């Protein structure tokens, strides 16, 4: 097991609750009407920061991939230049905006901006483990609320496959994803779930002359358990697209579509737990291939429930 059982379960629970909150926020953001002829019209309300980009499936796919490459390149440049302050400023703004989008679905937009301004400030500049992971429950829902309406099932699947391939390359081949994770962890501004815990590490053997015995000094060290933000966002986007398609296709009413789409985060969470449980200590693994497998199996179950 990569981490302790307690930390593994806690990380999995944070991931699961973030998926539920994100899917529910997407559901609330969705407005469904029916024409006199019986046609179903699905609309998504504007976000707290304004309208979505005017994009469709292939354009959205390209937009996301290009944004990831540019963002990664920018952060790698900051790593090389050791500009932690710039990274924190950018991270602060991203947290503020995405949290505002999510919370703005439920409350007044101005109030959401004020609340999220404080959340972002404490997350980035006065960090502790509680505020860090609490905000993780809302950040990626904001991203999903922007992009889910711009994708369909085909492009959502292709996006998962592309991100999985990129994740494997970035962790196993170029290893730049490991450098990014270490930089963000050290800066205490990590984009994703982060938990710290103590482990006992044995030190060198010292001889106690007067007793003629050997004792081994035991010291405590801190380790970090992390799960990247992309690993939270992309399964959420996929589940949201599936929910959207069930509503648009007239298969299910809005609330029933939400309940059916929950199958996907349940299966993905199981796959995340298995990955962490079977993983070896002190090794980095690309999570997206495992989570993508969970997404596709979950979608298969949704399809069986509704079409067979």
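Just so it is clear, none of the values below were taken in a lab; they were calculated from the coordinates. None of these values were measured; they are calculated from a predicted model. Glycine also receives a Cβ, built like all others from the backbone with ideal geometry; neighbour counts cover every protein chain displayed.
Brief remarks follow.
- Residues 2, 51 arranged by fewest to most Cβ contacts within 10 Å: 51, 2
- Each part gets one Cα centre, and for segment 134-201 versus segment 7-35 those centres are 17 Å apart.
- For segment 16-152: rounded, prolate or oblate by the Cα gyration tensor [a/c cutoff 1.5]: oblate
- Reducing segment 104-133 and segment 246-308 to their Cα centroids gives an inter-centroid distance of 28 Å.
- Our compactness index for the chain, the C-alpha radius of gyration over the empirical 2.2 N^0.38 Å, is 1.11.
- Against the chain, whose longest principal axis comes from its Cα atoms, helix 84-103 is set at around 40 degrees.
- From least to most packed, judged by other beta carbons within 10 angstrom and beginning with the fewest, 125, 285 follow the order 125, 285.
- Value of relative contact order over the chain, rounded to a whole percent, pairs C-alpha under 8 Å and six or more apart: 26
- Segment 239-308 - percent relative contact order, Cα under 8 Å, separation 6 or more: 37
- Helix axis angle, 263-278 relative to the chain longest principal axis, alpha carbon, degrees: 20
- The ranking of 59, 136, 37 by Cβ neighbour count inside 10 Å, starting from the fewest, reads 37, 59, 136.
- Three-way shape call for segment 31-106 based on the alpha-carbon gyration tensor, with the a/c threshold at 1.5: oblate
- Using alpha-carbon coordinates, inclination of helix 129-147 to the longest axis of the chain, degrees: 30
- Cα convex hull volume per residue for segment 85-202 (Å³): 146
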